[in-house]
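J.: Handing you this structure, nothing more for now.
The values are calculated or read from the model by the stated rules, or taken from the named source; none is laboratory data. From a predicted model like this one, the values you see are computed outputs, not experimental measurements. All Cβ positions, glycine included, derive from the backbone under ideal geometry; neighbour counts span all protein chains shown.
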Amino acid sequence: MAGDARAVSRDLSIGVFDSGIGGLTVLRALMQRLPRERFLYLGDTARLPYGTKTAATVERYALQAVEELTGRGVKALVVACNTACAAALPALQAAHPAIPVIGVIEPGAAAAVAATATGRIAVLATEGTVRGGAYQREILKRMPEARVMAIPATLFVALAEEGWTDGEVAVATARRYLAPLFAAVAEVPDVLVLGCTHFPPLIAAIRQIVGEGVAIVDSAHTTATALEQLLDARQLGRQEGSGAADFLVTDGEERFGRVGPVFLGRDIAPATIERVDL
């Protein structure tokens, strides 16, 4: 009987939640790492951005979104939104104790510590994530002597959502945010953490400002590794078949299908997108 229950659990989808389209960068890494798994992605596109909202509001939104995913049956949850992780991860884990819930901040912090040679680490994130201090805490927990500089860069979210990920506007915005910190001679960070899932498509513009000597950490890949290890430990990994993804959005299905492929790296069929009300 237990074996039957485990087999059913293995075949369930993995829920992935973000405030909008940015979490598709995490989904992309998950699908590459776990090609047999099925995913159900929810983007709360009606209420983004989360980064300018209070922690209490973000927690409420996140609980509602995850309730939608768990109501459809998922075997694990990935909170692919740094702001939601910072504000709501403990509440989400407490609300759903039977389902493993992981976020992107701890894997990103671990990757940053592994990558730094000087202990000087910059975190580029939304206002809410910077204000909450989650990356700072997780990095210092692993490397107490680290010097962590957090930069709020909320405008990057809007650029990414519009698909303006290269060109003059993207580079000028990156320069405004990053040049003051990376123009110094002696105290330049050697690691830059992309602390928002909307930011990876802007890497080319960011790289123009920070230079080639700075390691850029995208937590998507380390989160995918963490999920794989979790599924293996709980014997929840899907053993056969091919993977797939379906999508839930709270607004703008057409736009999601049009802009989403920039983040996901593949087309999104309109038939796989469903609008939901939270």
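J.: Pairs under 6 Å by beta carbon, first residue within 18 Å of residue 198 (Cα to Cα) in the range 208-230, partner polar (S, T, N, Q), six or more apart or different chains?
T.: Pairs that qualify, where the first residue is within 18 Å of residue 198 (Cα to Cα) and the partner is polar (S, T, N, Q), are 220/25.
J.: Residues of the range 136-193 being on the phi > 0 side of the Ramachandran plot and out of contact with any helix residue (DSSP H, G or I) (no Cβ under 7 Å at 6 or more places or on another chain), which ones?
T.: Listed by number, the list holds a single entry, 167.
J.: Also, I was wondering about something else. If I ask for residues that are hydrophobic (A, V, I, L, M, F, W, C) and in contact with a strand residue (DSSP E or B) (Cβ under 8 Å, 6 or more places away or on another chain), which ones from the range 201-216 would you list?
T.: Listed by number, the residues that qualify are 203, 206, 210, 214, 215, 216.
Quick grid of which residues meet (1) aliphatic (A, V, I, L, M); (2) within 26 Å of residue 9 (Cα to Cα):
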{"position": "62", "(1), (2)": "yes, yes"}
{"position": "69", "(1), (2)": "yes, yes"}
{"position": "79", "(1), (2)": "yes, yes"}
{"position": "109", "(1), (2)": "yes, no"}
{"position": "114", "(1), (2)": "yes, no"}
{"position": "118", "(1), (2)": "no, no"}
{"position": "129", "(1), (2)": "no, no"}
{"position": "141", "(1), (2)": "no, no"}
{"position": "159", "(1), (2)": "yes, no"}
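J.: Another question, then. Mind checking which pairs have a first residue in the range 238-262 that is farther than 20 Å from residue 278 by Cβ and a second that is in a loop (DSSP other than H, G, I, E, B) and among the basic types (Lys, Arg), Cβ under 8 Å, 6 or more apart or different chains?
T.: Once the first residue is farther than 20 Å from residue 278 by Cβ and sits in the range 238-262, its partners that are in a loop (DSSP other than H, G, I, E, B) and among the basic types (Lys, Arg) give 238/36; 239/36; 240/36; 241/36; 242/36; 243/36.
J.: From 238, 234, which residue is of a type in the set (D, E, K, R), surrounded by 15 or more Cβ atoms within 10 Å (Cβ to Cβ) and touching a strand residue (DSSP E or B) at 6+ places or on another chain (Cβ under 9 Å)?
T.: Just one listed residue meets the conditions, 238.
J.: Only one of (1) of a type in the set (Ser, Thr, Tyr); (2) modelled with pLDDT under 95; (3) surrounded by 22 or more Cβ atoms within 10 Å (Cβ to Cβ) fails for residue 41. Which number is that?
T.: So residue 41 meets the others, but not (2).
J.: Return the only residue of 59, 68 being surrounded by fewer than 20 Cβ atoms within 10 Å (Cβ to Cβ), modelled with pLDDT of 95 or more, assigned by TED's automatic domain parsing to the domain that holds residue 25 and within 17 Å of the chain's Cα centre (by Cα).
T.: 59
J.: For the list (1) in the same structural domain as residue 66 (by TED's automatic domain parsing); (2) surrounded by fewer than 17 Cβ atoms within 10 Å (Cβ to Cβ), I need the number of the one condition that residue 212 fails.
T.: Answer for residue 212: the failing condition is (1).
J.: Which number in (1) in contact with a helix residue (DSSP H, G or I) (Cβ under 9 Å, 6 or more places away or on another chain); (2) farther than 27 Å from residue 256 by Cβ; (3) touching a residue at least 24 places away in the same chain (Cβ under 8 Å) marks the one condition that residue 120 misses?
T.: It fails just one condition, (1).
J.: Within the range 8-31, is there a residue that is within 20 Å of residue 234 (Cα to Cα), buried (at least 18 other Cβ atoms within 10 Å of the Cβ) and polar (S, T, N, Q)?
T.: Yes, because at least one residue in the range 8-31 is within 20 Å of residue 234 (Cα to Cα), buried (at least 18 other Cβ atoms within 10 Å of the Cβ) and polar (S, T, N, Q).
J.: Then there is this: Of the residues that sit in the range 259-278 and are charged (D, E, K, R) and under 26 Å from residue 64 (Cβ atoms), which one is surrounded by the fewest Cβ atoms within 10 Å (Cβ to Cβ)?
T.: Residues of the range 259-278 charged (D, E, K, R): 266-267, 274-275, 277.
Checking the rest, the ones that are also under 26 Å from residue 64 (Cβ atoms) come to 274-275, 277.
Values: 274: 12, 275: 14, 277: 8.
The selected residue is 277.
J.: Which of the residues that make up the range 182-207 are in a loop (DSSP other than H, G, I, E, B) and under 19 Å from residue 79 (Cα atoms)? Step through it out loud before you land on a result.
T.: First, the residues of the range 182-207 that are in a loop (DSSP other than H, G, I, E, B): 183-190, 195-199.
Across the range 182-207, the qualifying residues are 195, 196, 197, 198, 199.
J.: Pull up the range 8-28, narrow it to residues that are part of a helix (DSSP H, G or I) and β-branched (Val, Ile, Thr), then point me to the one that is farthest from residue 81 (Cα to Cα). Talk me through it step by step, then tell me what you get.
T.: At the first step, the residues of the range 8-28 found to be part of a helix (DSSP H, G or I) are 8-11, 24-28.
Remaining after also requiring β-branched (Val, Ile, Thr): 8, 25-26.
Numbers: 8: 28, 25: 10, 26: 9 Å.
So, considering only residues that are part of a helix (DSSP H, G or I) and β-branched (Val, Ile, Thr), the one farthest from residue 81 (Cα to Cα) is 8.
J.: Do we find that residue 87 is free of Cβ contacts under 8 Å to residues at least 40 places away in the same chain and farther than 19 Å from residue 221 by Cβ in this structure?
T.: no
J.: Another question, if that's okay. Which of the residues belonging to the range 234-278 are charged (D, E, K, R) and part of a loop (DSSP other than H, G, I, E, B)? Spell out how you get there, then give the answer.
T.: As a first pass, look at the range 234-278 and keep what is charged (D, E, K, R): 234, 238, 240, 246, 251, 253-255, 258, 266-267, 274-275, 277.
Residues satisfying the conditions are 234, 238, 240, 251, 266, 267, 277.
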